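What follows is a short report on a single structure.
The values are calculated or read from the model by the stated rules, or taken from the named source; none is laboratory data. Every value quoted in this text rests on a predicted model; they were computed, and no experiment measured them. Virtual Cβ from ideal backbone geometry, glycine too; neighbours counted across all protein chains shown. For accessibility, only protein heavy atoms count, side chains too; no ligands or nucleic acids. Shrake-Rupley method; radii C 1.70, N 1.55, O 1.52, S 1.80 Å.
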Amino acid sequence: MSNTHSLRWQIALLLIVAAGLLAGCVPPAPPKAPTDVNTTTAEPQTMDAGPSEVAPAPSDTAPAMPAAMMAEPPAKEEPVREPKPADEPAGAATAADESTRSETETTTKAESEPPAKTENAEARKAETPTAEATPQENKKPQDKPAEKTETPAARKLAAPGAEPAAASAATGGDRVFSGDWPMWGGTVHRNMVNTTTKIGLDFQPNKDPAQGKKLLWVAPLGSQTYGNPVVSKDKIFVSTNNGGNYRPKHKGDRGCLLCFEEKTGKFLWQLTREKLPQGSVNDWPDQGICSTAAIDGDRGYVVTNRCEVMCFDVEGFLDGENDGPIQDEADQEPQDADLVWNLDMMKTLGVFPHNMAASSPVVYGDYVYVHTSNGVDESHEKIPAPQAPSFLALNKKTGEVAWQSSAPGNKILHGQWSSPAIGLVDGQVQVYFAGGDGWLYAFDAVKGEELWRFDLNPKDAKHEPGGRGTKNDVIATPVFVDNSVLLATGQDPEYGDGVGHLWRIGATKRGDVSPVTPENQPNANSAMIWHYGGSDADGSVTGEKDQDIFRRTLSTVAMHDGLVYVADLSGRIHCVDFATGKRSWEADVLAAIWGSTLVADGKVFIGDEDGILTVLAAGRELKKLAEIEFPSSIYSTPTIAHGVMFVTDRSRLYAIATQ
């Protein structure tokens, strides 16, 4: 990346948010089949069985790669607000009360309403929060039923091959509450679907919870926040920078992971990492820790700004104990992180992270999986460590490398900021890594044997410095659903707009399962189920000839009830049929999108750079339900757990009552 004054246009760390590093050891015992931690119910509910259509199995003959897959263009949404400068939050908006809005009503901003004043980043940095957040008195969900408390042993993660049981909005009876949301994507298959029902939209964010509506509490974060909140064991973990000043002994730019009490927003402890001395080529200023942590019982895992995979005790030093083999932590006060083990991927494995290490770990069985973020040097012309690992499987108890792969090798285009996902196919656990060469790789999750690979770019795509070419890498996270993987391509957001591709790939074959051979001939072994993207030559999809059907993205998809929802960087949200890849609709929020779509309660939630949380109705018909303004840009994805929605904007964490 070039040294530009706009640090925000920097790394799609966010949704990125996930994992990869290695070392070397005897592999641990094979993992047990995962189960679902993601659902608790107040009373028995009727749940959706899953997708309404089953996609056809990939044929043995590779279908031609279509540029588009729709006979007639769908209706486009009319924009409801004018585009704004990237630094300026959009004007205020109030969502209508969910209980009184008819199904066809939408909420839009008044044209005459003046835009909110732009927040000064330096002023936000200077804020000095107290050790506790500022909860709003007596602001609790009015009708939240008593939830059943599950012991950790009773909790189960959704099997990798199963769609989470996402409930549709109920018209009566008890609400359904999701349980913990312990990692990026909620479960190991990373499908961005939450089971909570009856989510009201009549909340109003504010820096001061007393001045907002349905705000349980607000906690200051750093001056820039790209990590997503995860919730486990009554705690919330958020990655950010040191702008929150929670640990006064640490001055200046640092990477931080903050831990808060879920009920009150009280600050508990902070993991603090100094910046790398090499500067922006390895550790971009002010970005903080961009990895989203993964919590597994009483242990958590995160990739730091220093290219380390760290295991920590979720209690920090508040429990008065120093857990694990690391006993000489520099910070051992009660509000510091208690480190269990630390794998420095640069020192131990020779990794050269480009701009930052931003992978969000996924934990499965005895392993934790991450991307290393190995990439190019400052000139963008040389790969300093092509033989260093790009993908890692670590023993989660010791941090020793179980297996590693340097598959992208000397073909890395830029950086590697994606995160891994897990799937179960014919009894075999597969782990999926999106490489910096623009290929998707599947490995046996235990043995590390490569099973298949898929080229995510057309063979005639060209890579050019600065994002000027048509060949993309990947920042989004693979999503596993029904023996297939959904994944879209993109580039560093600083490089801006460009053509993108969304794929559904069958996960049952072996070898090179790309649509075409290296000679650009049809591949009889192709596992492509469908392709969405490229240029709309005849205008049958977009309504205009030669328009891009889909653009570069940082976003991870959500699949629910037979439909795939995904955003692109340019601000467009796409609804695509899971079985066929045909477009149902496209919406434009008129602002850049770094986060991912979250589906819950028959609604699609997505934040944007203008600080607007847009809510659309899930389904084949485009309906806008609300636009809700936050005080600053949203670069992350909402999280819902235990009946509460957690949203981070650039510098704050908001706990919102969902009813």
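Some notes on this structure:
- When each of D473, D455 is tested for being of a type in the set (D, E), closer than 22 Å to A507 by Cβ, touching a residue at least 60 places away in the same chain (Cβ under 8 Å) and surrounded by 24 or more Cβ atoms within 10 Å (Cβ to Cβ), the lone residue that passes is D473.
- Condition met for R650 (assigned to a loop (DSSP other than H, G, I, E, B), surrounded by fewer than 23 Cβ atoms within 10 Å (Cβ to Cβ) and of a type in the set (D, E, K, R)): no
- A single entry from K233, K275, K213 fulfils the requirement of being open to solvent by 10 Å² or more (accessible area, probe 1.4 Å) and touching a residue at least 60 places away in the same chain (Cβ under 8 Å): K233.
- Residue in the stretch 310-322 that is open to solvent by less than 10 Å² (accessible area, probe 1.4 Å) and in a loop (DSSP other than H, G, I, E, B) present: yes
- Candidates in the stretch 155-194 are the residues that are modelled with pLDDT of 50 or more and among the charged types (D, E, K, R); of these, the one that is farthest from Y565 (Cα to Cα) is D174.
- For the stretch 407-433, a residue qualifies if it is surrounded by fewer than 21 Cβ atoms within 10 Å (Cβ to Cβ), free of Cβ contacts under 8 Å to residues at least 60 places away in the same chain and in a loop (DSSP other than H, G, I, E, B), and the qualifying residues are A407, G427.
- For the stretch 597-631, the set of residues classified as over 17 Å from F578 (Cα atoms), more than 19 Å from the chain's Cα centre (by Cα) and in a loop (DSSP other than H, G, I, E, B) consists of D601, K623, F630, P631, listed by residue number.
- Failed criterion for K603 (all others in (1) crowded, with 23+ Cβ neighbours inside 10 Å; (2) closer than 26 Å to T658 by Cα hold): (1)
- Given (1) of a type outside the set (F, W, Y); (2) open to solvent by 10 Å² or more (accessible area, probe 1.4 Å); (3) more than 27 Å from the chain's Cα centre (by Cα), index of the condition D536 fails: (2)
- Residue within the stretch 546-554 that is farther than 27 Å from Y635 by Cα and over 20 Å from the mean Cα position of the chain (by Cα) present: yes
- Matching residues in the stretch 434-450 - criterion: being under 22 Å from the mean Cα position of the chain (by Cα) and open to solvent by 30 Å² or more (accessible area, probe 1.4 Å): W439
- Where a residue in the stretch 517-537 is within 23 Å of F550 (Cα to Cα) and its partner, wherever it lies, is open to solvent by less than 10 Å² (accessible area, probe 1.4 Å) and aromatic (F, W, Y), with Cβ under 6 Å and at least six apart: H531/W503; Y532/F550; G533/F550
- When residues of the stretch 357-387 are limited to those that are open to solvent by 10 Å² or more (accessible area, probe 1.4 Å) and among the small types (G, A, S), the one nearest to P229 (Cα to Cα): G365
- Residue in the stretch 188-200 that is in a strand (DSSP E or B), open to solvent by less than 10 Å² (accessible area, probe 1.4 Å), touching a strand residue (DSSP E or B) at 6+ places or on another chain (Cβ under 9 Å) and closer than 25 Å to I422 by Cβ present: yes
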